[in-house]
Amino acid sequence: MIMSKKLKWFIVIEFLVILLAAIVYFAPMGSDRAEITLEANVERGNTLLKTAGCYACHTDLEQNTPAFAGGPKLETPFGDFYAPNISSSEEYGIGRWSILEFEKALRQGVSPEKHAYYPAFPFSSYRSLTDQDVVDLFAALNETTAIHQAANSHDMKFPFNIRLGLKPWRWLFATTKSNNIDQTTALGRGRYLVEAVAHCGECHNPRNSIGAFIPPYLSGNDEIPGGVSAPAITGRALSRMDWIEEDLMYFLDDGILPDGDSVGGSMVEVIDFSTSQMTSDDREAMAAFLFSIK
């Protein structure tokens, strides 16, 4: 029996689909690197746990749960996320992780079990963290009280509950190649704090329908979790609202707007547990960098 042309094409397409699925499934994620041998500074690490948002995200402040035992529900169009336990617990936290496993999770979004993390975890921003900051964070977390309880599991909608789909998403949208930001100038330091440590873009960058960043940078996002919006924070946008750099510096310290009102929403946590914990020089650097963005 002679095979029809339609059947031949069907077999070819089916083969290509299976081949593509196999490539996606078996393709490695992230990259291995040499051991990081820098000496850790736990005090710096404890500060970074706050300024980088680790404490606020991985602690359910409303329920008054132990620090780093797991975060509250984060509602998104894709499902509900819960930040995991990152205490020093060997069973439920990171107590058994190596520094390289921690680095791969933090900057590349890959778990020790080789699973892709959802981009609700800001690994694409953390990719710019320096080796020293990674080491300091890891040392500080290993000094935390071990909380021997599992955090809530994500509750994702179909098809977003299929983690295999994260691989092509990462290839298309998530750059995890390390981005070394020059911090020798005030603007460079400000850029590092805005892009990496405070990861401001995670809320203030617009996103497409599947959660990937789209330009222009820091131009605002009307659909952040919780049904609220994050305004544009470029220099041009802030100037249009009659802000000056000094206004922004003070705002990052105490959350007071130029008109004397107080900020609300999720930005309260950012102020309380991140930017207010920074030095005045760092807040000044952040303000200078944001105002340099036109």
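Determine if region 217-227 includes at least one residue that is at positive phi, buried (at least 16 other Cβ atoms within 10 Å of the Cβ) and at pLDDT 90 or above. Yes: region 217-227 contains one or more residues that are at positive phi, buried (at least 16 other Cβ atoms within 10 Å of the Cβ) and at pLDDT 90 or above.
Residues in region 160-187 that are small (Gly, Ala, Ser) and either within 29 Å of Asp80 (Cα to Cα) or free of Cβ contacts under 8 Å to residues at least 12 places away in the same chain (or both): Gly165, Ala174, Ser178.
Residues in region 211-234 that are within 17 Å of Gly264 (Cβ to Cβ) and in a loop (DSSP other than H, G, I, E, B): Gly220, Pro225, Gly226, Gly227, Pro231, Ile233. Could you list, in sequence order, all residues of region 185-210 that are in a loop (DSSP other than H, G, I, E, B) and either at pLDDT 90 or above or surrounded by 17 or more Cβ atoms within 10 Å (Cβ to Cβ) (or both)? Thr185, Ala198, His199, Cys200, Asn205, Pro206, listed by residue number. Condition first: outside the structural domain of Ala212 (by TED's automatic domain parsing) and farther than 17 Å from Ile86 by Cα. Can you find one or more residues in region 131-152 that meet it? Scanning region 131-152, I find at least one residue that is outside the structural domain of Ala212 (by TED's automatic domain parsing) and farther than 17 Å from Ile86 by Cα, so the answer is yes. For region 52-75, the set of residues classified as assigned to a strand (DSSP E or B), in contact (Cβ under 8 Å) with a residue 60 or more places away in the chain and buried (at least 18 other Cβ atoms within 10 Å of the Cβ) consists of Gly70 only. All of Asn152, Asn85, Asn179 fail the test of being crowded, with 21+ Cβ neighbours inside 10 Å, assigned to a loop (DSSP other than H, G, I, E, B) and not acidic (Asp, Glu), apart from Asn85.
Selection within region 237-264: residues that are surrounded by fewer than 14 Cβ atoms within 10 Å (Cβ to Cβ) and within 25 Å of the chain's Cα centre (by Cα). The member of this set that is nearest to Leu48 (Cα to Cα) is Asp254.
The values are calculated or read from the model by the stated rules, or taken from the named source; none is laboratory data. Remember, predicted model here, so these are calculated numbers, not experimental data. Glycine gets a Cβ as well: all are built from the backbone with ideal geometry, and neighbour counts include every protein chain shown.
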